[in-house]
Amino acid sequence: MKAFGDLNVDVLVLGGGPAGAAAARALADGGAVAAMAERSSYERFRTGETLPPVTNSLFANLGLGHLLDGHLPSPGIVASWGSEAPHENDFVFSRHGHGWHLDRRRFDESLAREAAEAGATLLTNARAISCERSSVGKWEVIIATEGTTLTVAAKWIIDATGRSSWFTRSKGVDQLTYDRLVAVMAVLEDDPARTDHRAFIEAMPDGWWYASALPDGLAMAAYFTDSDLNDLRPGALADLWNDRLEASRLIASRLAGTRLSSGLRIVSCSTARAAFAAADGWLAVGDAARSIDPLSSQGISWALSSGLDAAGVVLNNDPASASALYESNWNEKFCNYLATRRAFYLAEGRWPSSPFWLRRREEPRAYGRPRPVTPLLHNRSPLSRKDQSHAH
């Protein structure tokens, strides 16, 4: 690789997901010179996410309501949680309107483009390979991008690298975990005749199911369980998927008429946090700072809010006290989240001796670093057993 000129900025945001893009846009709007380095060019599929209706107000307040145009409206949730009988929550009764099923690839790219239009420099296919503090107090970051390397000098670093938390870990910050939750996920071609686009949730003895529509005629389904409760090796994933699908009622019905679009993959979904997410000259945002259970449906709003708060720290005239306030406020939010998470899981009491549910009845506590979960692809159809009728 060859080197080309230095880029001098006030802030370098590592990661171009919602948290990083929100921070970069707010920084540029506030007059800071910001750059954002995203590892991809937003060309690959990203697993969709469902936004609850309340996020409509958040997007409107940020002037980003137009980013939801073209995504799929979500009219409600059907949940078998705490009892076998499904409970229906129709958003028609919500004062915030309906929710949204997002095309995450398109949404993330649109939000990054918003940051660029506000004045932030957007670097795509860009990967940080080293980061050191210089003698004059600036960060010197070597970025590999488009077959070259670029040296970026920045007063601040914002780590928005997601669960990998590349920068934060590189500084020796411990990552604490509260559970071993993983998702066995699949993207499916949805039944073209389907008109019910609600999200579906169903509790099971050792985990829970989630299924929803996605834009462009797709659907996604995920079985959430703890990584130590089931065999997650590639050759065993299909059996796990089939067994849990056969045992379900709500999800089996929802997936009728769908066809597998891609192989199964495993995604880490544990609740985790960095031991600290703010220090001299750097901040962590989104999943790099604190990652939350998908059951909360708050991943996007959590990411946006933390990115905006981090931008406020940088723009503040007293960054030391602002950093301390940022850490304190988000620690309080995380503690409130843990209490809410426990309350949601306590609402399911049908399997009192199940390790999965017993763990979530206990007071939340961090027990060490999360075990890494490498995404595994398994290309054999998981819907290949004799009663494929659940999904065909």
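Scanning the stretch 105-139 for residues that are open to solvent by 40 Å² or more (accessible area, probe 1.4 Å), at pLDDT below 95 and touching an Asp or Glu at 6+ places or on another chain (Cβ under 7 Å) turns up just one, GLU132.
Among LEU67, LEU58, LEU72, which is in contact with a Ser or Thr (Cβ under 7 Å, 6 or more places away or on another chain) and either at pLDDT 95 or above or of a type in the set (S, T, N, Q) (or both)? The match here is LEU67. Of all residues in the stretch 154-178, those being open to solvent by less than 10 Å² (accessible area, probe 1.4 Å) and of a type in the set (Asp, Glu) number 1. For the stretch 340-368, residues that are without any contact (Cβ under 8 Å) to a residue 24 or more places away in the chain, open to solvent by less than 70 Å² (accessible area, probe 1.4 Å) and not in a helix (DSSP H, G or I) total 0. Quick one: what pairs do we get from the stretch 240-267, first residue at positive phi, second open to solvent by less than 60 Å² (accessible area, probe 1.4 Å) and in a loop (DSSP other than H, G, I, E, B), C-beta under 8 Å, 6+ apart or different chains? From residues that are at positive phi, the pairs are GLY257/ASP190; GLY257/ASP191; GLY257/ARG194; GLY257/ALA391.
Does the stretch 314-339 hold any residues that are outside any helix (DSSP H, G or I) and charged (D, E, K, R), and which are they?
Initial filter on the stretch 314-339 (outside any helix (DSSP H, G or I)): 316-318.
Scanning the stretch 314-339 gives a single hit, ASP318.
Of the set (1) in a strand (DSSP E or B); (2) more than 24 Å from the chain's Cα centre (by Cα), all apply to GLU246 but (1).
Across the stretch 294-304, the qualifying residues are those that are of a type outside the set (A, V, I, L, M, F, W, C) and open to solvent by less than 40 Å² (accessible area, probe 1.4 Å), and the one among them that is farthest from PHE200 (Cα to Cα) is SER301. Of the numbered criteria (1) part of a loop (DSSP other than H, G, I, E, B); (2) touching a residue at least 40 places away in the same chain (Cβ under 8 Å); (3) open to solvent by 40 Å² or more (accessible area, probe 1.4 Å), the one ALA32 fails is (3). For the stretch 110-201, the strands (runs of 3 or more DSSP E) that sit wholly inside it and include 1 or more residues that are in contact (Cβ under 8 Å) with a residue 40 or more places away in the chain, in contact with a Cys (Cβ under 9 Å, 6 or more places away or on another chain) and under 30 Å from ALA236 (Cβ atoms) are 181-189.
Mind listing just one residue for me: the one in the stretch 273-293 that is in a strand (DSSP E or B) and in contact (Cβ under 8 Å) with a residue 60 or more places away in the chain and, of those, most open to solvent (accessible area, probe 1.4 Å)? The residue in question is ARG273.
Taken together, the criteria place ALA219 among residues that are over 16 Å from the mean Cα position of the chain (by Cα) and part of a strand (DSSP E or B).
Return the only residue of ALA252, ALA238, ALA213, ALA311 being assigned to a strand (DSSP E or B) and open to solvent by less than 10 Å² (accessible area, probe 1.4 Å).
Numbers: ALA252 fails: assigned to a strand (DSSP E or B); ALA238 fails: assigned to a strand (DSSP E or B); ALA311 fails: assigned to a strand (DSSP E or B).
On inspection, the qualifying residue turns out to be ALA213.
Listed here are the strands (runs of 3 or more DSSP E) enclosed by the stretch 59-99 that have at least 1 residues being surrounded by fewer than 13 Cβ atoms within 10 Å (Cβ to Cβ): 87-90.
The values are calculated or read from the model by the stated rules, or taken from the named source; none is laboratory data. This is a predicted model, so every value here is computed, not measured. All Cβ positions, even for glycine, are placed from backbone atoms using ideal geometry, and neighbour counts span all protein chains on display. The protein model used for the area step is the full one, side chains on, heavy atoms only, and it has no ligands, DNA or RNA in it. Shrake-Rupley method; radii C 1.70, N 1.55, O 1.52, S 1.80 Å.
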